[in-house]
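Okay, structure first, notes after.
The values are calculated or read from the model by the stated rules, or taken from the named source; none is laboratory data. Just so it is clear, the structure is predicted and the values come from calculations on it, not from any experiment. Neighbour counts run over all protein chains shown; Cβ positions are idealised from the backbone, glycine included.
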Amino acid sequence: MTTPFRAAYLSIALFAAATTRAAAHEACVSTAAELQQALADASDGGPYVAEDNLVKLATGTYRTGAATSNGPFFFYSSHSTTSLTLYGGYGPGCSGGRHAAADTILDGRGSTAVLVLRSKQGPLAVTHLTLQNGDSDAPGAGLQINYLVTVESSVQVDHVIIRGNHSSVDAGGLYASGAASAGSAVTLTDALIVDNASDANYGGAYVTPYGDTALVDHATIARNAAAATSDRVGGLYCGGTALCNVFDTIAWNNSNVGLYFDSPAALVCDDYGAIGGAVPDYVANVHSVSPAFVDAENGDYHLGAGSPLFGLCAAGNGTTDLDDHPFPGRGSADVGAYEDTIFVDGIDG
């Protein structure tokens, strides 16, 4: 079995490679219509379906509606092995330094799902985006990846905020399925998944990795709700066949169960209220205490003064937090999506 720490570093390396590889085609978008056109151009029948595609999003808000034919932003590739990466946070003209996930918003307006990506054979990556206010009768009202697809490729979701979404079926916030024979089939890092709801089960996130491993790292999954009457999972479900590694993650104040496993699992430096499903194979440095968020009621999920989760994890896992602030290179790091410890050099004096 792949060891948890080997899987973590391997997964992060694979994600970095996927998001920094030279794309054969790049699109810079600043409107909802331009974004949907870029996705169509990379889909089946589009002029760039046979090329790796990098879609750069300038900061701003992209709403579903007329530009998306009153559906979600949508991409579909049935056969191409090329990759698609959506990267938010760019300045005007996609120049200059990139901004945090909160500055580039895809919004379903409470009327549609937000973003749907389906690729059987090509890797998919979503980074530096907020996906909010989705409403759907399908799983993953905020972000749906590879639903109804016999998947053969990996999925990376990094530096994202998925909030305030609702599904009338399973998976209110996120649905993601991926496959990899080596490394991480599904990678979910530096993510805030909060205030999502399902009328059935899995309010926050439903992740199914196939192959080697899955990695959930430096995530905050909180205040998600599910309405199922049995085996209710408000937070994160991890199934599939791969080892599910959950590191440096908060799963708190979700309805009934915050973490649920239908696959082998390893937990390291996590804080959760309750878990369900299969007993994790490996557990170290886990906690069950209130994170003491700054103001969760009003959407601020940074750790507040006096939080018991400061500095509990080993540093060196990842580069920047959800605000794009650097993680400590040594010493200790905080639990969750945000790095709020003041001494980011690992020295407390």
**Candidate set: the stretch 192-213, residues that are aliphatic (A, V, I, L, M) and under 13 Å from Ile145 (Cβ atoms); chosen: the one surrounded by the fewest Cβ atoms within 10 Å (Cβ to Cβ)** = Val207
**Asked** When you scan the stretch 287-298, how many residues do you find that are out of contact with any Gly (no Cβ under 9 Å at 6 or more places or on another chain) and either farther than 16 Å from Asn254 by Cβ or assigned to a strand (DSSP E or B) (or both)?
**Response** 2
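The rows are residues; the columns are (1) under 17 Å from Leu322 (Cβ atoms); (2) touching a residue at least 40 places away in the same chain (Cβ under 8 Å).
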site: Ala125; (1), (2): yes, yes
site: Leu129; (1), (2): yes, yes
site: Ser136; (1), (2): no, yes
site: Leu148; (1), (2): no, no
site: Ser154; (1), (2): no, yes
site: Asp158; (1), (2): yes, yes
site: Ile162; (1), (2): yes, yes
**Prompt:** Applying the selection to the stretch 204-259, what residues are touching a Leu at 6+ places or on another chain (Cβ under 6 Å), closer than 21 Å to Asp334 by Cβ and either modelled with pLDDT under 95 or among the polar types (S, T, N, Q) (or both)?
**Reply:** Thr220, Asn245
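The rows are residues; the columns are (1) touching a helix residue (DSSP H, G or I) at 6+ places or on another chain (Cβ under 6 Å); (2) not basic (Lys, Arg).
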position	(1), (2)
Ser154	no, yes
Val160	yes, yes
Arg163	no, no
Gly172	no, yes
Ser177	no, yes
Ala180	no, yes
Thr187	yes, yes
Asp190	no, yes
Ile193	no, yes
**Asked** Quick one: in the stretch 153-189, which of the residues that are part of a loop (DSSP other than H, G, I, E, B) and of a type in the set (S, T, N, Q) is farthest from Asp107 (Cα to Cα)?
**Response** Ser153
**Prompt:** Can you name the residue in the stretch 260-279 that is surrounded by 23 or more Cβ atoms within 10 Å (Cβ to Cβ) and part of a loop (DSSP other than H, G, I, E, B) and, of all such residues, is farthest from the chain's Cα centre (by Cα)?
**Reply:** Cys269
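Condition check ((1) assigned to a loop (DSSP other than H, G, I, E, B); (2) modelled with pLDDT under 95; (3) more than 21 Å from Gly134 (Cβ to Cβ)) across all residues:
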site: Ile12; (1), (2), (3): no, yes, yes
site: Leu35; (1), (2), (3): no, no, no
site: Asp41; (1), (2), (3): no, no, yes
site: Asp44; (1), (2), (3): yes, no, yes
site: Lys56; (1), (2), (3): no, no, yes
site: Thr61; (1), (2), (3): no, no, no
site: Gly97; (1), (2), (3): yes, yes, yes
**Message:** Based on this model, can you work out whether Val257 counts as closer than 20 Å to Ala214 by Cα, β-branched (Val, Ile, Thr) and in a strand (DSSP E or B)?
**Reply:** no
**Asked** Within the stretch 132-142, is there a residue that is among the aliphatic types (A, V, I, L, M), buried (at least 22 other Cβ atoms within 10 Å of the Cβ), under 23 Å from Asn53 (Cα atoms) and under 14 Å from the mean Cα position of the chain (by Cα)?
**Response** no
**Request:** Report, ordered by the first and then the second residue, all pairs with beta carbons closer than 7 Å, sequence separation of six or more or different chains, a first member in the stretch 282-293 that is within 17 Å of Ala219 (Cβ to Cβ) and in contact (Cβ under 8 Å) with a residue 40 or more places away in the chain, and a second member that is among the small types (Gly, Ala, Ser) and in a loop (DSSP other than H, G, I, E, B).
**Result:** Pro291/Ser307; Pro291/Gly336; Phe293/Gly304
**Request:** Could you list all residues from the stretch 317-331 that are over 13 Å from Cys269 (Cα atoms) and surrounded by 16 or more Cβ atoms within 10 Å (Cβ to Cβ)?
**Result:** Gly318, Asp321, Leu322, Asp323, Asp324, Phe327, Pro328, Gly331
**Fill in**
Of the residues in the stretch 299-331, those that are β-branched (Val, Ile, Thr) and part of a loop (DSSP other than H, G, I, E, B) number 1
